[in-house]
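This report concerns only the one structure given below.
The values are calculated or read from the model by the stated rules, or taken from the named source; none is laboratory data. Small disclaimer: the values here were computed from a predicted structure and weren't measured. Cβ: placed from backbone, ideal geometry, glycine included. Neighbour counts: every protein chain shown. What goes into the accessible areas is simple: the full protein's heavy atoms, side chains included, and nothing from ligands, DNA or RNA. Shrake-Rupley method; radii C 1.70, N 1.55, O 1.52, S 1.80 Å.
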Amino acid sequence: SSGAYTVTVFQCKGAVPTSMADCYQNFRPPAGDDLGTGIYDATTTADGTGSTFFEVRPAEALPELDCKSSNPCSILAFENDGNPLPTSGLPASAVTAPLQFAPSPSDCPEVASPDVRTEGSASTAHALYEWAAKTCTAHPSLSIDYTESASPAGRRDFLNGSVEVGLTSTPATSAELAAAPGHRSFAYAPLDVSGVAVAFNVTDTVTHQRITDMNLTPRLVAILISGSGLHLFQDPEFQALNPGHNWPMEVQPPLLRGERNADALLLTTWLQEDPAARAFLDGHDPDAEVDTYWKGVQYPTDIFEARDPNTIGNYNPRTGTLINARRLFNFQAPGDGVSVSAQNDGILAVTDVVTAARFGQPVAKLRRAGGGGSDPFVAPDQAGLTAGLAAMKVNTDGVTKSPDVTTTTGYPLVKVDYAMVPTSGTDKVAAGKLSQFLTFAAGEGQADVQTAGYLPMPTDLQSQATSAAAKVVAAASGSTTPPPPTPPSTLPPPVESQIPFTSPGGGDGGSFSSGDVPTSPDAPPSAAPTGGGKEPTSAKVTGPAAVFASLAGSGHRLILPIVLVVGLAAAVVGGLFSPRRRRRKGGAAATAASPSP
């Protein structure tokens, strides 16, 4: 009688599916696997329109459909009329729209061994995916293998000689260098600029619309990540800073990475430098009581651990970025079997800026540590990241930089991802490939990833990267004087992401190589360790990209990556996100999201 109907959405093989057998029909979230699924239900309004978000997966993540640039796929949507799905053909109300995919590592020719092996920081995943897909068919070609783990693992495995390139957001510590006394000499080459973000999925309890703006202080984030944030939305400070919305009563425990990682280190440095956050953690906050097991916790730290044994089942940091991004996207709590409702709960996650943007998740505006009064809350958009980057301080190595969390007027949690590259022990061929990789990443590669949400590197960082490339070549050739660095390519003016988010925002550990052949997805990553800071076994990965789709009105056309329009009595509107397969060491596969056209 209300005129509302439910709608089912599938991803299918072929530009025009002919039967339900062409469509991926596994579990629906949240009852499905931790990695997300290919089916989402939507509900129309009385006038037959509605919206939903939908994750589209390419061949790397969903080999059953084998969707890639040379093999288009489609979206199928139909009203649920109570009848069983037809054994042949499509439901009577079904409409379809084709999907086209940008080149990806699955389109690359097979190689016996990659030219460049990289491992480390998850926030480089999106860039590495783009670069690997493009360079594998360049002249000369370059095959890139990327293992996503985290910055500490990238530094460790570079220093022990396991990979040619270690990817890290923070420099190697003296303890790490001492633990690898025979390590090669190396240089740091900047690759990308992004930031750490607090993303959220919250619905207004009165309007039933998603809330897309939020201001958070270090104190409020300290309450959140300490497991004390059940009633965060009722906190007096939160209410004063976030008027105009009807917030849910409760906040689920935060979605956090469980392995050692640079994002945790940067975030907890920001908390440590804020007097109000520190007062809360030390038990001196008059408006909020810290969990006993978190009282006096020592920050900064590079790992989020479940400290309270009474809440470990719910406060459950998980290995990798993607698994948390997908749980946020699907409105799933960190604890398994936990019942959540969009009308009663909110979910927040600590992630990187680009991953949040690629999943279409809004992120909170933050202010500097120690700020107050008239201090602005800053979004991690182009302006905020640019100002934050300008305020970064050079570390003692003279190259890498750390955010200035206390005095910056920009976004306080900006970061630069660096490649650790060898300046000894490399032959001329390998050095040439490393130089090709760094020169591309610092030049043409920057233009490739601007729309992903990265801040284009300024010329000083580009020059540092090309200078590092020259040092790699000079060391291999035996020259005592490195040749002058290649001038950085001239980049087009910065452009805003094509993703419509309030402010911009890697993967659950996995890998890809630009010569990989798709394999079937494996089981979800295991839960994060609850103590000891043990790092997970690294696995290879790529990162997500977003494509937005509108299913409305009449007709049948596709405009990617911006708009997808399909005629349907009960229309659906949503975001399309293409995931990517990551091959784990040993041949098992996991999943991650990847760019679509």
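Could you do me a favour and compute the accessible area per residue for segment 66-154, 1.4 Å probe, result in Å²? Let's see the in-between values first.
Numbers: 3220 Å² over 89 residues.
Per residue, segment 66-154 has 36 Å² of solvent-accessible surface.
For segment 330-382, what does the convex hull of the Cα positions come to per residue, in cubic angstrom? Write out the running numbers ahead of the final one.
Numbers: hull volume 7.2 nm³, N = 53.
Expressed per residue, the convex hull around the Cα atoms of segment 330-382 is 135 Å³.
With a cut-off of 8 Å between alpha carbons and a minimum separation of six or more residues, what is the relative contact order of segment 232-316 in percent? Write out the running numbers ahead of the final one.
On the way: 86 pairs, mean separation 27.8, N = 85.
After rounding, I find 33 percent.
Name the shape class, rounded, prolate or oblate, that the alpha-carbon gyration tensor gives for segment 101-235, where a ≥ b ≥ c are the square roots of its eigenvalues, rounded holds for a/c under 1.5, and otherwise prolate holds if a/b is larger than b/c and oblate otherwise. Write down the numbers at each step before the final one.
Values: a/c = 3.57, a/b = 1.54, b/c = 2.32.
Here segment 101-235 falls in the oblate category.
Which distance in nm do the two modelled labels at Met249 and Asp213 give, with both placed 7 Å along the Cα-to-Cβ direction?
2.8 nm
Contact order normalised by length for segment 303-357, with contacts defined as Cα pairs under 8 Å and 6 or more residues apart; what percent is it?
On the way: 41 pairs, mean separation 17.0, N = 55.
Relative contact order for segment 303-357 comes out at 31 percent.
Using just the Cα positions, wrap segment 253-328 in a convex hull and report its mean projected area in square nanometres, one decimal place. Don't skip to the end; give the middle numbers.
Values: hull surface 21.0 nm².
Mean projected area of the Cα convex hull: 5.3 nm².
Rank by packing, highest mean first: peptides 49-60, 183-194, with packing defined as the count of other Cβ atoms within 10 Å averaged across residues.
Numbers: 49-60: 25.0, 183-194: 23.4.
Top to bottom by mean Cβ count within 10 Å: 49-60, 183-194.
Pull out a ≥ b ≥ c, the square roots of the eigenvalues of the alpha-carbon gyration tensor of segment 360-404, then state rounded if a/c is under 1.5, prolate if not and a/b is larger than b/c, and oblate in the remaining case.
Values: a/c = 2.64, a/b = 1.52, b/c = 1.74.
Judged from the Cα gyration tensor, segment 360-404 comes out oblate (a/c at least 1.5, b/c at or above a/b).
Does segment 190-276 come out rounded, prolate or oblate by the C-alpha gyration tensor, with a ≥ b ≥ c the root eigenvalues, rounded set by a/c under 1.5 and, if not, prolate when a/b is larger than b/c and oblate if not? Don't skip to the end; give the middle numbers.
Values: a/c = 1.93, a/b = 1.59, b/c = 1.21.
Prolate shape, in that a/c is at least 1.5 and a/b is the bigger ratio.
In the structure shown, do any of Lys134/Lys401; Lys13/Lys134; Lys295/Lys415; Lys68/Lys401; Lys13/Lys365; Lys134/Lys471 have a Cα-Cα gap over 31 Å, and if so which?
Values: Lys134/Lys401 29 Å; Lys13/Lys134 24 Å; Lys295/Lys415 29 Å; Lys68/Lys401 38 Å; Lys13/Lys365 40 Å; Lys134/Lys471 25 Å.
Flagged as over cut-off: Lys68/Lys401; Lys13/Lys365.
Mind ranking 443-451, 214-222 by how tightly packed they are, going by the mean number of other C-beta atoms within 10 angstrom, highest first? Could the numbers behind the result be given before it?
On the way: 443-451: 20.3, 214-222: 24.3.
Taking the mean over residues of other Cβ atoms within 10 Å, the ranking is 214-222, 443-451.
Roughly how many whole Å is it from the C-alpha centroid of segment 291-367 to that of segment 127-182?
First find each Cα centre; the distance between them is then 27 Å.
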